[in-house]
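Contents: one structure, followed by commentary.
The values are calculated or read from the model by the stated rules, or taken from the named source; none is laboratory data. Model, not experiment: these values are computed from the prediction. Each accessible area value is taken on the protein alone, full model and side chains, heavy atoms only, with ligands, DNA and RNA left out. Shrake-Rupley method; radii C 1.70, N 1.55, O 1.52, S 1.80 Å.
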Amino acid sequence: MPSMTTSKVSRWDQHGREHVVHVRKSGPRRQLTCATCGWRKGAQFLPWLKAEEHLTEAHQATVDPAS
């Protein structure tokens, strides 16, 4: 049985609200789930980039908390 690992991509919008996409890994596949709107997508390659794209396009959340 493959082990499950999780991580997250978070960004803030212009109103100071945090938006998070959780990235769950199971074997070679990753499942992306947006905590704000419930959007889901499977991804095998570049899941964090796809999560950032969703946050930018759907929620206008572009401020990286790490910077």
Scanning the range 53-67 for residues that are of a type in the set (Gly, Ala, Ser) and at pLDDT 90 or above, the one most open to solvent (accessible area, probe 1.4 Å) turns out to be Ala58
Q) Does Ala35 satisfy the condition of being among the small types (Gly, Ala, Ser) and closer than 13 Å to Ala58 by Cα? A) yes
Of (1) modelled with pLDDT of 95 or more; (2) under 9 Å from the mean Cα position of the chain (by Cα), Trp48 satisfies every one except (1)
Within the range 1-31, the count of residues that are within 18 Å of Asp64 (Cα to Cα) and either within 10 Å of the chain's Cα centre (by Cα) or small (Gly, Ala, Ser) (or both) comes to 11
Scanning the range 1-52 residue by residue, those among the hydroxyl-bearing types (Ser, Thr, Tyr) and open to solvent by less than 90 Å² (accessible area, probe 1.4 Å) turn out to be Ser3, Thr5, Ser7, Ser10, Ser26, Thr33, Thr36
